[in-house]
């Protein structure tokens, strides 16, 4: 009975000593998180009104959010009576160990900073990098998210993005669509070029400048191949690509121009 009373008294003493600190720290954390959300929300509104680049906006907001939360946690810990200088030394030592273990993550963070500074691509750009072709959906602190033409989400580390080759199809505002159309050797080259060029110029998604072109590309084994080269906006690429083949086939058929294909010859042997 006396032992239980001793434990009860000890618990009361701990509650008196640490209870107010714990309650105060909890209140600071709750109010602090509310303040952090307000700061992030206000900063987001200011950036939106100032027409900040969307990629830079999300990156800076993530960085600001993490920085404020870490600062809040330090305040809460100090309110609990933990020596901040000692805590900082422990954090520094732990940070060094974690840093050595997570060199790849630090490299990705540095890559993200470089991407924000040099801006080789923005959200919404069609790019090709690290073997992935897709539209940039989001640039985060450590990774870049891309949506492929097959509507797959590709997540690529920023370190690799910053140190590798990047092809930005959107940056110039236009793309060239490369298609090849073959016709028979007996067809008139000038007439064929006129028919194919008319297909391109009649497509509203094909740009007037740079002007589309049709040129003899190759004298192949069974066909004369034409390089059919329209320009379009990046978002219209696949419509123009598939539409060019389909419309050229229809136009050539209507003009009576043959598109060669393998013929099967039957050989009849006499009995």
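In the condition set (1) farther than 22 Å from residue 242 by Cβ; (2) surrounded by fewer than 16 Cβ atoms within 10 Å (Cβ to Cβ), residue 167 is compliant with all but (1). Note on region 104-139: residues that are closer than 19 Å to residue 237 by Cα, touching a strand residue (DSSP E or B) at 6+ places or on another chain (Cβ under 6 Å) and at pLDDT 90 or above amount to 11. Each residue in region 56-103 was checked for being modelled with pLDDT under 70, touching a helix residue (DSSP H, G or I) at 6+ places or on another chain (Cβ under 7 Å) and not in a loop (DSSP other than H, G, I, E, B), and 4 pass. Residue 228 fulfils the conditions (1) touching a residue at least 40 places away in the same chain (Cβ under 8 Å); (2) surrounded by fewer than 16 Cβ atoms within 10 Å (Cβ to Cβ) except for a single criterion, (2). Any residue that is assigned to a loop (DSSP other than H, G, I, E, B) and closer than 30 Å to residue 111 by Cα - is there at least one of those in region 194-211? No, because not a single residue in region 194-211 is assigned to a loop (DSSP other than H, G, I, E, B) and closer than 30 Å to residue 111 by Cα.
To keep it simple, each residue is scored yes or no on (1) outside the structural domain of residue 240 (by TED's automatic domain parsing); (2) under 30 Å from residue 66 (Cβ atoms); (3) without any contact (Cβ under 8 Å) to a residue 40 or more places away in the chain.
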position	(1), (2), (3)
123	yes, yes, no
181	no, no, no
210	no, no, yes
214	no, no, yes
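Do we find that residue 191 is in contact (Cβ under 8 Å) with a residue 40 or more places away in the chain, under 30 Å from residue 111 (Cβ atoms) and not assigned by TED's automatic domain parsing to the domain that holds residue 119 in this structure? So residue 191 fails the test.
The values are calculated or read from the model by the stated rules, or taken from the named source; none is laboratory data. These figures come from a predicted structure and were not determined experimentally. Cβ atoms come from the backbone with ideal geometry, glycine included; neighbour counts cover every protein chain shown.
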